[in-house]
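S.K.: Please read through the structure below; I'll follow up with questions.
The values are calculated or read from the model by the stated rules, or taken from the named source; none is laboratory data. Model, not experiment: these values are computed from the prediction. Note that each Cβ is placed from the backbone with ideal geometry, even for glycine, and that neighbours are counted across all protein chains shown. Ligands, DNA and RNA are stripped out before the accessible areas are found, and what is left, the full protein with its side chains, is counted by its heavy atoms. Shrake-Rupley method; radii C 1.70, N 1.55, O 1.52, S 1.80 Å.
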Amino acid sequence: MGTKTIMQLAVFESQARPVYEALTDSRRHAAFTGEAAVIDARPGGTFTAYGDYITGCFVQIVPLKKIVQRWRAADWPEGVFSEVTIELQEKKGVTTLYFTQEGVPEDFAEAIAQGWHDHYWDRLRDYLENHPG
């Protein structure tokens, strides 16, 4: 099975804290996605999002700066995980999110890449506009 790497960049008219908290707090994550999430944001902590469609664990957390996760989708082959790295850089109240997902099964890469835009970055941008700070 071949794998792909997804790299994306998203810019938010927001400080880094609300972006970070939306990605690492169960309640805020559910608020911006509109779907259930359970997140234990600490190294070794687990998470589920979009019900149980997305599951994994945290490898590294640097508050307000970096999140590294072992990440998988429910419809992937059994035991297959990717590694997601999210880095946040804030400058003058604008946060740039650098996203890399390595090890995505080739057959799922296009849909997963589009899903990050549709179900994460676009929804997060809307959420932050309506729930600033």
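S.K.: I'm trying to understand the selection: among the residues of region 29-44, which are outside any loop (DSSP other than H, G, I, E, B) and free of Cβ contacts under 8 Å to residues at least 40 places away in the same chain? Lay out the reasoning, then the answer.
M.R.: Here is the first cut: in region 29-44, the residues outside any loop (DSSP other than H, G, I, E, B) are 29-33, 37-39.
HIS29, ALA30, ALA37, VAL38, ILE39, listed by residue number.
S.K.: Sticking with this structure for a sec: Among (1) in contact with a strand residue (DSSP E or B) (Cβ under 9 Å, 6 or more places away or on another chain); (2) at pLDDT 95 or above; (3) not charged (D, E, K, R), where does ALA36 come up short?
M.R.: Going through the list (1) in contact with a strand residue (DSSP E or B) (Cβ under 9 Å, 6 or more places away or on another chain); (2) at pLDDT 95 or above; (3) not charged (D, E, K, R), ALA36 breaks only (2).
S.K.: Let me ask another. So which residues in region 82-102 are buried (at least 16 other Cβ atoms within 10 Å of the Cβ) and either farther than 20 Å from ALA22 by Cβ or of a type in the set (S, T, N, Q) (or both)?
M.R.: Listed by number, the residues that qualify are SER82, GLU83, THR85, THR95, GLN101.
S.K.: Can you pull out every residue in region 82-123 that is at positive phi and free of Cβ contacts under 8 Å to residues at least 12 places away in the same chain?
M.R.: Correct list: LYS92 only.
S.K.: Next question. Within region 46-81, track down each residue that is at pLDDT 95 or above and touching a helix residue (DSSP H, G or I) at 6+ places or on another chain (Cβ under 8 Å).
M.R.: ALA49, ILE61, PRO63, LEU64, LYS65, ILE67, ALA73, ASP75, TRP76
S.K.: Let me ask something else about it. Say we look at region 50-68 and pick out the residues that are β-branched (Val, Ile, Thr) and under 12 Å from ILE86 (Cβ atoms); which of these is surrounded by the fewest Cβ atoms within 10 Å (Cβ to Cβ)?
M.R.: Step one: filter region 50-68 for residues β-branched (Val, Ile, Thr), giving 54-55, 59, 61-62, 67-68.
With the extra rule that they be under 12 Å from ILE86 (Cβ atoms), the set shrinks to 59, 61-62, 67-68.
Details: VAL59: 15, ILE61: 18, VAL62: 11, ILE67: 21, VAL68: 17.
The extreme case among them is VAL62.
S.K.: Turning to a different aspect of this structure: Where the second residue is in a helix (DSSP H, G or I) and the first is without any contact (Cβ under 8 Å) to a residue 40 or more places away in the chain and lies in region 2-21, which pairs have Cβ atoms under 6 Å and are six or more apart or on separate chains?
M.R.: These pairs meet every condition: GLU21/ARG28.
S.K.: Could you list, in sequence order, the residues of region 1-34 that are open to solvent by 80 Å² or more (accessible area, probe 1.4 Å) and within 19 Å of GLU129 (Cα to Cα)?
M.R.: LEU9, GLU13, GLN15, ARG17, ARG27
S.K.: Could you check region 69-81 and list, in sequence order, the residues that are in contact (Cβ under 8 Å) with a residue 60 or more places away in the chain and surrounded by 13 or more Cβ atoms within 10 Å (Cβ to Cβ)?
M.R.: Selection gives VAL80 alone.
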